[in-house]
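The values are calculated or read from the model by the stated rules, or taken from the named source; none is laboratory data. Every value quoted in this text rests on a predicted model; they were computed, and no experiment measured them. Cβ sites come from the backbone with ideal geometry, for glycine too, and all protein chains shown count toward neighbours.
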Amino acid sequence: MTIDLTDTTTGAIDQALTEARRRLGGMTLGMVLTLIIVTDEAAQYDAIRAANQAAREHPCRVLAVITRKPKADSRLDAEIRVGEASPGETIVLRMYGPLGQHADSVVAPLLVPDVPVVTWWPDEAPEIPAKHPLGALAQRRVTDSAASESPREVLAALAAGYQPGDTDFAWTRATPWRSLLAATLDQPHPAVTAGELAAEQDNPTADLIAAWLSLRLEVPASRTVSGGPGITEAEFTTMDGDIRITRYDGRTATLAWPGRTDRRVALHRRDTAELLAEELRRLDPDEVYAETLRHIDVSPPAELAAASEPATDEQFVSEPAAEFGE
Amino acid sequence: MNMPNAGTRGPAPANPGVIAAGVDPDNPLRDPRDRRIPRVAGPCVMVMFGVTGDLARKKLMPALYDLANRGLLPPGFSLVGFARRDWEDEDFAQITYESVKEYARTPFRDTVWQQLQEGVRFVPGEFTDDAAFDQLAATVRQLDAERGTGGNYAFYLSIPPKFFPTVVQQLKRSGLSDPGPEDADGHTPWRRVVIEKPFGRDLETAKELNDIVDAVFPAHSVFRIDHYLGKETVQNILALRFANTLYEPIWNRSYVDHVQITMSEDIGIGGRAGYYDGIGAARDVIQNHLLQLLALTAMEEPVSFDADSLRQEKEKVLSAVRLPADLALGTARGQYAAGWQGGRQVAGYLEEEGIPADSRTETYAAVRLSVDTRRWAGVPFYLRTGKRLTRRMTEIALIFQRAPHLPFAATDTKELGKNALVIRVQPDEGVTVRFGSKVPGSAMEVRDVNMDFAYGESFTESSPEAYERLILDVLIGDPPLFPRQEEVELSWRILDPIEQFWAENTKPDQYASGGAGPASADAMMARDGRAWRRLLSPGGTTPRTPRLRARWQKPPIISGAQGNQGLRGKRTGK
């Protein structure tokens, strides 16, 4: 059921929720977290849809915060959806006028007691998520650097403003690739002397994986530009030749190992709902992300920015961190 | 409204039993803090015997697909089927394809199937045929070369135990069981063998069976599957007991009155007449599943969750289990008679096809055990299992003592029972706490209510199948969830005297299908001044009190709402 409340207060919203719950026969007391989505009118539909899908794995209260018409008089409109597509509750909060600057005053009373809070910016990320009023309420803050115009700059900003609990979808997208790369090196293998990653020009995920490889393997890992989609190639240079994983269709990867038959491995690009579900699975600070993000920072993004024309030869190499250097 | 890809999720939540066992501790890309990267099996081949059986078709092959779909199988993983069928690789792949399509838990994806299919091979032959096993050896060696499986083989013996000697000897003769020498880097390939229950039919046969396998495979490479131990709720017993402070202080004779462990089934023996007759409910269920549940419930805290510590504690508690002094009074058994079950008329056990009319095999068994330790002295453990009962249900219930003093008028607490903590293993996995609460109103009236935790609500939409978890553990080589031979033998030591007593003295009582078991079982409890928990509702001892919470899985009742698919259990909306 959907309840529309115009020019309302959090008290009235809370009451309407209780009433709705009673009418539906005691719904949704099993919520495991509150998910705040900071979005706008254009993007809210997709974001809420993804959140509702992720809520199948993590029943939650979704609070979508949309600020509108900053010049208008202060007003709060709410749209409450319960017992519909998702197992939890969804409240779309539209804030007009100066109220938009004080969204936390609306959101804080609506958090589910006793459970964690996650804030998600599906579009533009704030400069320092932890300092954002809605980010400060949360112990997990999820941004998506790839959604911005210049992902690399955003990633650099996120690195500078990192606080434990920050995470970015660019890192989430890396998980299947990282799993496969780790599984590849589980086999007895010749020593790896270098790594290389090819992806579209603006692909912060590839930047992160390259940084991760160079950090973990203590070898240089370069990042080259390809036509996509997404990441198309990862390569380990070894004494005995190159171990190469290629994926040109965004679905199936081929693992080529010197002296062996090529093997195919399913490697899907995942949709937003899956990424969000992965993020919600663990809510403690992701230290490996923090280290990787710090590491990416040492490589000058400017170098690549200079080579921003579609080209295939330019590379930028992230060197092993100083403490791991020779 | 399905989540299109539950497949790539990481390790399931609440895996208390296992400290991530890295496949290669030296792999710099693996970091224990990196919880996003799942435990992935190392390169290997699984050789499956008995691929035409129900278990392989309905559970094992779908579980392999689900693992692949979740990204938990290594690149190059290969599956070799061996059976007495005139099949080519493609025929076996087709059979696998069909079983995956029908029974897999996660959505079917062509790319994942392609990956799996490339490694599917089939070797036809009899177990006695030397040439067939030489062919098998050649096939897996070829896979090593082609697909980089590294000479690591897991043999899954999904076959009746009478074939074990032949197959195990063949594996030895053909050199398949021999891991060979270390390679230049000091890696030795592994060999693992997976066997399913029954682990014998008594202590003696269990030892014989073990000797057969033991002669070829060292003890640490033998994985005995008790699929109950792969269930999330069963592993959650460890989390519940050892991760919380709330329960440990009351988990003993000072507070617990008795413990009931139940596994009831609503179905009959189905087509298993040949296996079931002469085995019976106690050997089929109590010896393995229920005694394992008892061990996990009653054991002391292990010093760590590694395989040795966990098994030691289980063995300690199993060795402290004592039988009732008078087996006639402390056990009960029955056979289902004709009747009505779940709205259908059903035949009795003796009328089932393939069962002799004078069979004395029990389909219901109940025993009263005690655990002679300081923690449990004087606390009876009642175990029961049966077929064709009211409903399908497995649970562990700790029933607490009554409060020593109730400062209420007797009429106020008339409806107050004993407090209970119930671990629901299946279906509707979760934990229920049952306690007294004041009924709203001006009078002081106390009545039992339930407080529920249900997995489906707090965690995933569908937790991994037990077999997924167990197969992955085999491939990774992580043994805590597999009972070892000592546990099997201890269980038989408990059960053998009961079986012997039954064989010599009693005939199973008849009980009506669709009921709660024979009257003798109720009488056994009544003699102790107790009663079985009713089999009626999930977690309820009495008709459910008003729910403190509702399930979101329930179809919404408000018009205009979208249909909400059942989310637990098997998916239909593929």
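A few remarks follow.
- For B:Gly53, the stated conditions do not hold, so it cannot be described as more than 22 Å from the chain's Cα centre (by Cα), of a type outside the set (Ser, Thr, Tyr) and either farther than 23 Å from B:Asp134 by Cα or modelled with pLDDT under 90 (or both).
- Only one of the numbered conditions (1) closer than 21 Å to B:Ala298 by Cβ; (2) in contact (Cβ under 8 Å) with a residue 40 or more places away in the chain; (3) of a type in the set (A, V, I, L, M) is violated by B:Ala325, and that is (2).
- Test for A:Arg94: is it of a type outside the set (A, V, I, L, M) and over 22 Å from the mean Cα position of the chain (by Cα): yes
- Restricting the search to helices (runs of 4 or more DSSP H) fully inside the stretch A:151-220 and requiring at least 3 residues that are under 18 Å from A:Ile243 (Cβ atoms) and within 13 Å of another protein chain (Cβ to nearest Cβ) gives A:169-184, A:204-217.
- The residue pairs whose first member lies in the stretch B:125-146 and is within 14 Å of another protein chain (Cβ to nearest Cβ), whose second member is crowded, with 18+ Cβ neighbours inside 10 Å, and whose beta carbons are closer than 6 Å, counting only pairs six or more residues apart or on different chains, are B:Leu143/B:Val45; B:Leu143/B:Ser78; B:Leu143/B:Thr149; B:Asp144/B:Gly151.
- Selected residue (only one of B:Val425, B:Val488, B:Val449, B:Val474 is touching a residue at least 40 places away in the same chain (Cβ under 8 Å), within 14 Å of another protein chain (Cβ to nearest Cβ) and either in contact with a strand residue (DSSP E or B) (Cβ under 6 Å, 6 or more places away or on another chain) or outside any strand (DSSP E or B) (or both)): B:Val449
- Failed item in (1) assigned to a helix (DSSP H, G or I); (2) under 19 Å from B:Phe92 (Cα atoms), with B:Phe155 passing the rest: (1)
- Complete set of residues in the stretch B:36-69 that are under 12 Å from A:Ser179 (Cβ atoms) and in contact with a Lys or Arg (Cβ under 6 Å, 6 or more places away or on another chain): B:Ile37
- The stretch A:122-149: number of residues that are surrounded by 22 or more Cβ atoms within 10 Å (Cβ to Cβ) and touching a residue at least 24 places away in the same chain (Cβ under 8 Å): 11
- A:Arg81 of a type in the set (D, E, K, R) and in contact with a Lys or Arg (Cβ under 8 Å, 6 or more places away or on another chain): no
- Options B:Leu323, B:Leu291; residue that is under 19 Å from the mean Cα position of the chain (by Cα) and of a type in the set (A, V, I, L, M): B:Leu291
- The criterion of at least 1 residues that are surrounded by fewer than 17 Cβ atoms within 10 Å (Cβ to Cβ) is met by the following strands (runs of 3 or more DSSP E) wholly inside the stretch A:1-76: A:2-5, A:60-68.
- Residues in the stretch B:87-118 that are within 14 Å of chain A (Cβ to nearest Cβ) and touching a strand residue (DSSP E or B) at 6+ places or on another chain (Cβ under 8 Å) were compared, and the one that is farthest from A:Leu255 (Cα to Cα) is B:Arg109.
- Test: residue in the stretch B:173-188 that is buried (at least 20 other Cβ atoms within 10 Å of the Cβ) and among the β-branched types (Val, Ile, Thr): no
- All positions within the stretch B:20-35 that are surrounded by fewer than 16 Cβ atoms within 10 Å (Cβ to Cβ) and either more than 7 Å from chain A (Cβ to nearest Cβ) or at pLDDT below 85 (or both): B:Ala21, B:Pro25, B:Asp26, B:Pro32
- Evaluated against (1) more than 11 Å from chain A (Cβ to nearest Cβ); (2) at pLDDT below 80; (3) surrounded by 18 or more Cβ atoms within 10 Å (Cβ to Cβ), B:Trp552 falls short on exactly one condition, (1).
- Just one of the listed residues (B:Arg388, B:Arg375, B:Arg384) is modelled with pLDDT of 95 or more, surrounded by 15 or more Cβ atoms within 10 Å (Cβ to Cβ) and in contact with a Gly (Cβ under 9 Å, 6 or more places away or on another chain), and it is B:Arg384.
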